[in-house]
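Shown next, in structure tokens, is the structure this report addresses.
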Amino acid sequence: MGSNALQTKLLAIQKNMLSFAYNLTSNRDDAYDLLQDTTLKVLDNQDKYVDNVNFKGWVFTIMRNIFINHYRKSVRQATVIDTTDDLYHLNLPQESGFDTPEGSIAVKEINSLINTFSDDFRIPFSMHLAGYKYAEIAEHTGLPLGTVKSRIFFARKRLQEKMRNYDF
């Protein structure tokens, strides 16, 4: 399918996509964001579309997957694991620490430590922190999946070693 034909089909189903996005998010602004993300993803991956496949189903699958990935990322960021014996931390208000001056300084110091890594470790690790999947990082860097996983593992270990001496 040509680029213009795909764009025409995509424009024709925008209202359906917005309705589906609203059903997923239950929020008008989030639905528009999801619609935009999906449209960009479809246009970026138009070479992967096969002509004899249901176009609308393909696009809606992309939208659903983007929504699920965003949802999982938000759940991961909000998860608090309390390992204390009496579950003391579960009863405390959960703050990110970024709003306090001390928290923002700690984040800056951690980022500066990450920036001291060579590009071989810094780029995959930073992409992993940003929420990219291992396969996406491997595709972006042109490295095998196992290499990406090991570099992220070693970068995490190196960061833990460097942070051992810090008093946050």
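The values are calculated or read from the model by the stated rules, or taken from the named source; none is laboratory data. Treat the numbers as computed from the prediction; the structure is a model and nothing was measured. For neighbour counting, all protein chains shown are included, and Cβ atoms are generated from backbone atoms with ideal geometry for every residue, glycine included. Side chains are part of the model used for accessible areas, which takes the heavy atoms of the whole protein and leaves out ligands, DNA and RNA. Shrake-Rupley method; radii C 1.70, N 1.55, O 1.52, S 1.80 Å.
Checking T84 against (1) surrounded by 10 or more Cβ atoms within 10 Å (Cβ to Cβ); (2) modelled with pLDDT under 85; (3) not charged (D, E, K, R), which single condition isn't satisfied? It is condition (1) that T84 fails. Summed over region 13-42, residues that are free of Cβ contacts under 8 Å to residues at least 12 places away in the same chain and either polar (S, T, N, Q) or touching a Lys or Arg at 6+ places or on another chain (Cβ under 9 Å) (or both) total 6. Taken over region 108-148, residues that are part of a loop (DSSP other than H, G, I, E, B), open to solvent by less than 80 Å² (accessible area, probe 1.4 Å) and within 15 Å of N69 (Cβ to Cβ) amount to 2.
Of all the listed residues (N52, N65, N45, N4), the sole one being polar (S, T, N, Q), without any contact (Cβ under 8 Å) to a residue 24 or more places away in the chain, under 21 Å from G131 (Cβ atoms) and open to solvent by 60 Å² or more (accessible area, probe 1.4 Å) is N65. Within region 9-42, the only residue that satisfies the criterion of being open to solvent by less than 40 Å² (accessible area, probe 1.4 Å), more than 21 Å from Y71 (Cβ to Cβ) and part of a helix (DSSP H, G or I) is L10.
Quick check on L6: is it part of a helix (DSSP H, G or I) and at pLDDT 90 or above? Break it down into steps so the answer makes sense when it comes.
On the way: part of a helix (DSSP H, G or I): yes; at pLDDT 90 or above: no.
Judged against the criteria, L6 is not a match.
In the condition set (1) at pLDDT 90 or above; (2) in contact with a helix residue (DSSP H, G or I) (Cβ under 8 Å, 6 or more places away or on another chain), S19 is compliant with all but (2).
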